[in-house]
Amino acid sequence: MSKESSSGLPTPSERRQAALNAVLGDYLERSGNPLALRMAFYERGLPLMLTAASLRAARPELGARAVVFVHGMGQTEGSWSFASDPALSYGSLLQAELGVAPCYVRYNTGRRVSQNGRELAALLEQLVQAWPVPLEELTLIGHSLGGLVIRSACYYARELGLAWLPRLRRAIYLGAPHLGSPFEKAGHLVSVALGAIDHPVVQLIHTLSDLRGPGVKDLRHGSLLDEDWQSPAGTRGAPARPKPVPLCAGVEHYFIAGTLTRDANHPAALLFGDALVRLPSAVGPARRSGLPPDQIAVLPGVSHVQLSHCPEAYARIRGWFGATSGTHAVARERSEPDPATPPVPAARALGELERLGAHGALLEDALERGTWEIQVIQEKLSARPYDVLQAIPAVGSVSELVRRWHFASLRASYAAIRLLNRAGGVALRAAIARRKSAASG
């Protein structure tokens with residue numbers, strides 16, 4: 001058994017699944033592939049049922065305060081763990097020092113920010129309803145894309161009148177691209193340029209470059225709402241600029257940004273920020289809203305990835321929570337798991353088989369679609385010399401016969417590849433079904 005499986009940390013295959021969702025999450029969801037992540041709270045590497053009994057088993061020491069962590073693009077809840085000690089995280093520290101119960105979200109980062117925002121708003125409502133004791137105070141902490149998802153969730157919670165929003169005390173954003181990411185802006189320009197070149201090979205490259213998930217594309221301007229990507233009736237395309245969304249009223253907002261250099265005022269720091277998000281984007285809403293300086297922190301020498309698990313950021317977060325109110329006892333032993341819940345190693349072993357089958361289905365689909373795309377390109381390129389020869393009367397009829405034979409053999413070759421691909425998929429699914437049956441028995 002791997003260290004991750006026994007400790008509850010995300011396994012390498014789970015981390016790869018999360019990274020795949022960042023790129024193809026929208027497609028995986030639309031195609032019904034099991035690799036598509038469903039948003040849920042995770043505990044020990046497994047989705048947590050939102051019932052009072054399950055919450056008590058996962059957090060026997062929970063009280064009236066909770067903090068929810070929302071990870072960034074292509075990550076899992078494991079991104080909050082310190083590299084020096086994976087058992088240590090912002091959540092475990094807040095729990096030990098203040099008695100605040102941590103809850104970790106895992107979700108499909110390839111979906112639209114607004115879709116994840118709506119779903120997070122609904123999930124938080126379920127969490128509040130299932131909390132075993134009256135929940136008095138809620139804090140949301142989002143890293144990178146997670147910060148945008150939090151802001152979107154707050155917007156839709158207010159629109160829907162959800163009960164958790166009045167309990168929300170503070171929202172903390174770590175390196176969130178509120179005004180967009182320069183990398184996605186560059187990716188968009190490259191995609192537009194490739195799409196303007198009428199050549200079969202270039203068009204294939206354009207198709208591949210445009211496979212960036214909608215969640216990635218939302219980082220172009222920091223889009224938060226459905227209207228930012230849904231085309232109005234009778235128009236084409238999506239709005240070029242997102243609708244401005246003010247910070248949620250009645251909530252304390254805090255912003256943390258990192259810089260590549262040890263000097264926050266260095267030109268490189270101002271230009272590149274934390275390597276992925278520039279300073280104006282990471283703290284833009286705070287300055288636009290006129291928040292006091294003590295609600296903004298710039299951490300020199302801290303990269304974008306480090307913002308979710310570094311002592312400097314935790315020190316700021318801990319300070320913003322203020323002094324502990326009351327006495328919070330931290331339980332030394334966890335309660336026994338629900339007998340109806342399968343043991344963690346067994347459940348995660350079955351999950352690995354599910355992921356293997358889903359990877360096989362994705363590969364089968366990619367080969368199926370890929371062979372069609374390559375076949376079309378090869379036929380277009382192969383047709384060009386035949387078009388020239390057919391314009392010559394002396395060889396036109398002969399070239400047409402050769403052309404028909406050539407294209408028939410080409411199509412037969414690709415059809416054979418697709419047939420073998422489907423047969424391999426059937427064999428893999430049968431083998432996995434036998435393994436799952438043996439593991440369950």
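FYI, it's all coordinate maths here, none of it is from the lab. Quantities reported herein were computed from a predicted structural model and do not represent experimental measurements. Glycine also receives a Cβ, built like all others from the backbone with ideal geometry; neighbour counts cover every protein chain displayed.
Summary table
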read-out	value
Gained length - Glu252 relative to Ala163, 0.36 nm times residue gap less alpha-carbon distance	30.3 nm
Theoretical FRET efficiency, 1/(1+(r/R0)^6), r = Cβ-Cβ of Arg411 and Lys243, R0 56 Å, to 0.05	0.70
Unit charges at the beta carbon, dipole of the stretch 70-166: most positive-side option, Cys103, Asn116, Thr139	Asn116
For the stretch 107-183, diffusion coefficient by Stokes-Einstein and Kirkwood Rh (Cα), 4 °C, 1.567 mPa s, µm²/s	101 µm²/s
